[in-house]
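Report on the structure given below.
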Amino acid sequence: MVVKASPAAPAKNAGVFQDIINSIFEPGVNHGVMLVMNCAFFGLFVILLYLMVATNFNLHVCALTAIAALLFGSIQWFIMEASAAQQRQTASSASSPMQTPKNKKKKKL
C-alpha cells in the first residue's frame with residue numbers, strides 16, 4: 001500500500017497526531033491517518049472476536065464481524081486505488097506538462 005508523503009514534511013517525523021492534523025490541509029491520506037484507522041479496526045476486531053466467543057458465536061455478532069471485515073477491506077481497497085490513480089495522474093502530468101490535443105475536430109459549416 002502506497003501512502004502519500006507530504007511535500008512540505010520536515011526531515012524529522014512530527015508524530016502521528018501531527019500527521020492527522022496535517023491531513024486536514026493536504027489531499028490524500030497520509031501515514032498517520034492510516035495508522036490510526038488500522039488501530040481502530042484492530043480494536044474493533046478484538047472486541048468483536050471476544051463477543052463472538054462470549055456469546056457462543058451468536059449469529060448477530062458473527063454478522064457484525066463479517067460486516068466490519070467487509071468495511072475494512074473496502075476502505076483499504078479504496079485508499080489503494082485512490083493513491084494509485086493519484087500516482088498515475090502525477091506521473092502523466094510530470095512526463096508531459098503541456099500536452100496539446102493532436103486531433104482537434106473542426107466544425108463543418
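The values are calculated or read from the model by the stated rules, or taken from the named source; none is laboratory data. Computed from a predicted model, the values in this text were never measured in an experiment. Quick reminder, even Gly has a Cβ in these numbers, built from the backbone with ideal geometry, and neighbours come from all protein chains shown. Only protein heavy atoms, including side chains, enter the accessible area calculation; ligands, DNA and RNA are left aside. Shrake-Rupley method; radii C 1.70, N 1.55, O 1.52, S 1.80 Å.
If the chain between residue 64 and residue 46 were fully stretched, how many nm would it gain, using 0.36 nm times the residue separation less the Cα-Cα distance?
5.2 nm
What FRET efficiency would be calculated for the residue pair residue 14, residue 71, taking the C-beta separation as r and a Förster radius of 30 Å, to the nearest 0.05?
Given R0 = 30 Å and the Cβ-Cβ separation, E is 0.55.
Given a 1.4 angstrom probe, I'd like the percentage of the accessible area of region 39-96 that is carbon and sulfur, rounded to a whole number.
About 77 percent, which is the carbon plus sulfur part of the accessible surface.
Using a Förster distance of 30 Å, how high is the FRET efficiency between residue 92 and residue 26, based on the Cβ-Cβ distance and rounded to 0.05?
The pair residue 92/residue 26 has a calculated efficiency of 0.90.
What order do 95, 23, 74 take when sorted by accessible area (1.4 Å probe), most exposed first?
Putting 95, 23, 74 in descending order of accessible area: 95, 74, 23.
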